[in-house]
1. What accessible surface, in Å², does a 1.4 Å probe find on V12, ignoring ligands, DNA and RNA and rounding to the nearest 10?
2. Stretch D25-A102 to full length: gain in nm at 0.36 nm per residue minus the Cα-Cα span?
3. From Cα pairs below 8 angstrom and at least 6 apart in sequence, can you work out the relative contact order of the chain, rounded to a whole percent?
4. Rounded to the nearest 10 Å², what accessible area does C77 have for a 1.4 Å probe in the complete protein model?
5. Using 18 Å as the cut-off for backbone N distance, which residues of the stretch 50-76 belong to the label zone defined by a point 7 Å from the Cα of I3 along Cα→Cβ?
6. Report the local net charge at R56: Lys and Arg +1, Asp and Glu -1, summed over other residues whose C-beta lies under 12 Å from its C-beta.
7. Largest first, how would R53, R41 line up by accessible area (1.4 Å probe)?
8. Treat every Asp and Glu Cβ in the chain as -1 and every Lys and Arg Cβ as +1, leave all other atoms uncharged, and give the resulting dipole magnitude about the Cα centre to the nearest 20 debye.
Amino acid sequence: MSIRRTSEAGGVAAGLPFSLAGEADGVCFISGMPALDAEGRLAAGTFPEEIERAWRNIASIVEAAGSSVEQIVYVQCVLADIDDYSALNDWWRHQFPDVSTAPARFTYQAGALPFGAKIELQAVAATRR
């Protein structure tokens, strides 16, 4: 089995101390991403703004890894505040209006997130190989 790692993606901070994605046997694991800007700083904003930026980071990474957002099969959503759960659901319904094509999801609240983020997303995608 060969493992392919992705260390760069457009618009995502370079120089992080971990791979942005790792792919093996047709499965691509995307590292957790908060709403970081291209310099690696938190693009702090409202919850909807942060989730949108975090999702753009995930999308950039999955594309750089040779897959696509349509191939994402699972998303883990880590919230700094569980009270944002309904806002997450609102965003999710807008992002995936057809539940038959929406990825599976797991959501929980953490005690704190890196950089003081409101949300961090992690994903698993099938590859197009």
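The values are calculated or read from the model by the stated rules, or taken from the named source; none is laboratory data. Note that the structure is predicted; figures quoted are calculated from it, not measured. Quick reminder, even Gly has a Cβ in these numbers, built from the backbone with ideal geometry, and neighbours come from all protein chains shown. Each accessible area value is taken on the protein alone, full model and side chains, heavy atoms only, with ligands, DNA and RNA left out. Shrake-Rupley method; radii C 1.70, N 1.55, O 1.52, S 1.80 Å.
1. Roll a 1.4 Å probe over it and V12 shows about 20 Å².
2. Extending this stretch completely gives an extra 25.5 nm.
3. Working: 264 pairs, mean separation 42.2, N = 129.
33 percent.
4. 0 Å²
5. Answer for the stretch 50-76: 65-66.
6. -4
7. Sorted by accessible area, descending: R41, R53.
8. Numbers: 10 positive and 16 negative charges, 80 e Å.
The dipole of the chain has a size of about 380 debye.
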